[in-house]
Amino acid sequence: MSKFYIKTMEALKRLRVDKDGVVSFEYIIVAACIVAVVIAVFKTDNSVSTALAAGITKISTAMNGL
């Protein structure tokens, strides 16, 4: 247990001084926000999801005819 704690603390120390790790963490936060907005739009607005489903159906029908 002690070895795991020490390895975890060392990793956190390296992450704190590593600027690339901070930037990638910021990208993760931005991506999570975008996903949350998209989920909120598609859950509450049925017209968008209906239009998207209809478009996908039309495309798959057209592809079947090829």
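For region 2-13, backbone phi angles converted through the Karplus equation (6.51, -1.76, 1.60; θ = phi - 60°) give residue-by-residue couplings of 5, 5, 4, 4, 5, 4, 5, 5, 5, 5, 5, 5 Hz, Gly and Pro being listed as x.
Working with all protein chains in place, sort 8, 50 by solvent-accessible area computed with a 1.4 Å probe, largest first. Write out the running numbers ahead of the final one.
Numbers: 8 50, 50 85 Å².
Correct descending sequence by accessible area is 50, 8.
Note down the nm distance, to one decimal, between modelled labels 7 Å out along Cα→Cβ at residue 25 and at residue 6. If labels sit at residue 25 and residue 6, their model points lie 2.4 nm apart.
In this simple spin-label approximation, residue 52 and residue 32 carry label points 7 Å from Cα along the Cα→Cβ vector, and these lie 2.1 nm apart.
The values are calculated or read from the model by the stated rules, or taken from the named source; none is laboratory data. Keep in mind that what you see is a predicted model, and the values were worked out from it rather than measured. Methodologically, a virtual Cβ is constructed for each residue, glycine included, from the backbone with ideal geometry; neighbour enumeration extends over all protein chains shown. Quick note on the areas: whole protein, heavy atoms, side chains included, nothing else; ligands and nucleic acids left out. Shrake-Rupley method; radii C 1.70, N 1.55, O 1.52, S 1.80 Å.
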